[in-house]
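Participant: Following this message is one structure expressed as C-alpha cells.
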Amino acid sequence: MTRTISILGATGSVGEQTLDLVRRNRDDWRVVALTANCQVATLAAAAREFGAEIAVVADESCLADLREALAGSGIEAAAGRTALCEAAARPVDLTVAAIVGCAGLGPTMAAIEQGGTIALANKEALVSAGEVMTAAVSRHGATLLPVDSEHNAIFQCLQGGRFEDVRSITLTASGGPLRLVEDLSEVTPEQAIAHPNWDMGAKISVDSATMFNKGLELIEAHHLFPVGLERIRIVVHPQSVIHSMVEYRDGSTLAQLGPSDMRVPIASCLAWPARMDTPMAPLDLAAIGELSFFAPDEKRFPATRLAREAAEAGGAAPAVLNAANEIAVEAFLKRKIAFSRIAVLVERVLADGNHPDAPRSLSDVLMVDEASRRRATEMLELA
Ligand code: NDP
C-alpha cells in the first residue's frame, strides 16, 4: 500500500538519505511536502523527481527562484516560517523532521499537532522544547520514532523487555575526530568536520567534535526514554558499531549493532514496525576485529557535563544550552572563535543566571531560544 511522506530538511544529509531510500522503494511512497532553507536547485530537483505536492523554502528571499525552478511542474512553491509550518501540518503517514537546529521546532510541532507519526532527527527541537513537545505528542496522540542512531538503537533494544524492567541506558559516542588531538585551541573547522565514522551536516559534525552532540543526545534520551537521568550513561566507543545499549534488571544488556550509515536507522523508521531492505553490506565483525570502550573525558570535552547539568536544572536550561551552542558553532564555523571557546561560551550563557521561567508553550520555548541567542551573541561580541 502506498504511504504518504513529508520530509522537513529534504536537502540536508538526513533528508537526502531519506530520499535515497524512498527512491529505492518508489511504489511504496507518495511525497507530499519537501522543505529546505534556501538550497533551491536541490529542493526543486527533488520535488520534480518525486512529484511532491509542495516545496517550501524557509528563506523568503529564495521564493522567486523556487517558483522559477518549479515552473510548469504543477508543484506548489511557498516560502517563510508560516508556510513551512502549514506544509508540515498537511496530513501524511510519516513526517521526517530533519531540519537542523531549533529552526525545526515550529514545523515539527505542526506535524505533531496533526497526531501523525514523526521520524525525529532534529534533536535540537526536542532538547529545546522538552516537556512541551512530549506533552504535545501525548495530547495529540502522535508517535515519535527516533532517527538518531543511538536513540533508534535504544528504541529497538526496548522491544526486548518491559520498560519498567530497564536498569540503565548506555549511549555510545564515537568521541569524534578530536578525541586524540592534544591541543584543541588550534583546531580548524575543516578538522572538526572531518568525522572518522559518519558523513553528516556541518553543525552536527562540530557537535560531535565538541561532544555537545552527545550532550544533546543525553537530553534527547531523557525525554524519549524517561528512566531517570542518573540511569543514562555515556561510553566512548570509537568504532561506532554498537549504536547504544539497554540494560535490564536481570543483568542482560541488549545492544543494537550496524554499519555507520544513517540509512539503517532511517530505514527502521520508514518501515516501522516492519523492516525493509537497505543497500548496506552485512556487518563483518571479523573484519572489524575489535570493539573498544572508554569513559568520556569531561575535562577536555565538558559538553556532556554541561548538558547533564542543564537537564538536571530543567526548566529553560536545556533550551538555553542549545541556543548558546548553535550561536557558538556558527561563530566557530565562520572562524570568529576558537574551537575551545564553544564550550566556554555555552557555560557562560548558562551561568549567566538570567534565564526566563520554564517554558510552557511553543511560543515560550521560542522566546527562550531567541533571548539566549541574543545573550550568547552579546557575550561573543564582548569577548
Ligand atoms: P544538514 O545541515 O545537512 O541539513 C539541514 C537541513 O535543514 C537542510 O535541508 C537545510 O536546508 C535545512 N535548514 C537549515 N536551516 C534551516 C532553517 N533556518 N529553516 C528551515 N530549514 C533549514 O543537517 P543534517 O541532515 O546533518 O542534520 C539534520 C538534523 O538531524 C540535525 O538536527 C542533526 O542533529 C540530526 N541528525 C543528523 C545526523 C546525520 O547523520 N546527518 C545523524 C543524527 C541526527 P538548506 O539545504 O537549504 O540549507
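Here, each number is a calculation from the coordinates, and none is a lab measurement. No experiment lies behind these values; they were computed from the predicted model shown. Glycine gets a Cβ as well: all are built from the backbone with ideal geometry, and neighbour counts include every protein chain shown.
Participant: So which cysteines of the chain have no other cysteine's Cβ under 4.7 Å from theirs?
Facilitator: 85, 102, 157, 269
Participant: How long are the semi-axes of the ellipsoid equivalent to segment 211-346, from square roots of 5 times the Cα gyration tensor eigenvalues, in whole Å, largest first?
Facilitator: 29, 19, 17
Participant: Then there is this: Note down the net charge around residue 117, summing +1 for each Lys or Arg and -1 for each Asp or Glu among other residues with Cβ under 11 Å from its Cβ.
Facilitator: Around residue 117, the charge tally is 0.
Participant: Size of the dipole of the chain about the Cα centre, Lys and Arg at +1 and Asp and Glu at -1 on the beta carbon, nothing else charged, in debye to 20?
Facilitator: Working: 34 positive and 49 negative charges, 44 e Å.
Computed about the Cα centre, the dipole is about 220 debye.
Participant: If you don't mind, there's one more thing I want to ask. Is the chain rounded, prolate or oblate when judged by the Cα gyration tensor, a ≥ b ≥ c being the square roots of its eigenvalues, rounded requiring a/c under 1.5 and prolate requiring a/b larger than b/c? Walk me through the numbers on the way to the answer.
Facilitator: On the way: a/c = 1.42, a/b = 1.14, b/c = 1.24.
The shape class here is rounded.
Participant: How large is the Kirkwood hydrodynamic radius of segment 52-202, counting all unique pairs of alpha carbons, in Å?
Facilitator: 18.2 Å
Participant: Subtract the Cα-Cα distance of residue 143 and residue 16 from 0.36 nm times their separation in residues, and report this length gain in nm to one decimal. Write out the running numbers ahead of the final one.
Facilitator: Working: separation 127, 0.36 × 127 = 45.72 nm, distance 2.25 nm.
Fully extending the segment from residue 143 to residue 16 adds 43.5 nm.
Participant: If you don't mind, another one. Cα atoms only, segment 288-383: Rg and Dmax in Å?
Facilitator: When restricted to the Cα atoms of segment 288-383, Rg and Dmax are 15.1, 50 Å.
Participant: Going from the alpha-carbon gyration tensor of segment 201-269, what semi-axes, largest first and in whole Å, does one get by taking the root of 5 times each eigenvalue?
Facilitator: They are 21, 17, 12 Å, listed from largest to smallest.
Participant: Would you kindly give the portion of the calculated P(r) for segment 65-149 that falls above 17 Å, as a percent of all Cα pairs?
Facilitator: 48 percent
Participant: How much length is gained on full extension from residue 291 to residue 164, taking 0.36 nm per residue of separation minus their Cα-Cα distance? Please list the in-between numbers first.
Facilitator: Details: separation 127, 0.36 × 127 = 45.72 nm, distance 2.94 nm.
Gain in length upon complete extension: 42.8 nm.
Participant: For segment 159-288, take the convex hull of the Cα atoms, compute a quarter of its surface area, and give me that in nm², please.
Facilitator: On the way: hull surface 38.8 nm².
Over all viewing directions, segment 159-288 projects a mean Cα-hull area of 9.7 nm².
Participant: Per residue, what volume in Å³ does the convex hull of the Cα atoms of segment 1-118 enclose?
Facilitator: Value for segment 1-118: 84 Å³ per residue.
Participant: Separate question: Order of 283-292, 35-44, 133-142 by packing, highest average Cβ count within 10 Å first?
Facilitator: In decreasing order of mean packing, 283-292, 35-44, 133-142 become 35-44, 133-142, 283-292.
Participant: While we're on this one: Taking the alpha-carbon distance from residue 123 and a cut-off under 17 Å, which lysines remain once sequence neighbours fewer than 8 residues away in the same chain are dropped?
Facilitator: 203, 214
Participant: In straight Cα distance, which aspartates and glutamates are under 18 Å from residue 299, not counting same-chain residues fewer than 8 positions off?
Facilitator: The qualifying aspartates and glutamates are 182, 183, 186, 207, 309, 347.
Participant: No solvent, one uniform scatterer per C-alpha: report log10 I(q)/I(0) for segment 289-338 via the Debye equation at q = 0.18, 0.19, 0.25 1/Å, two decimals.
Facilitator: Ignoring solvent entirely, the Cα scatterers give -0.73, -0.77, -0.95.
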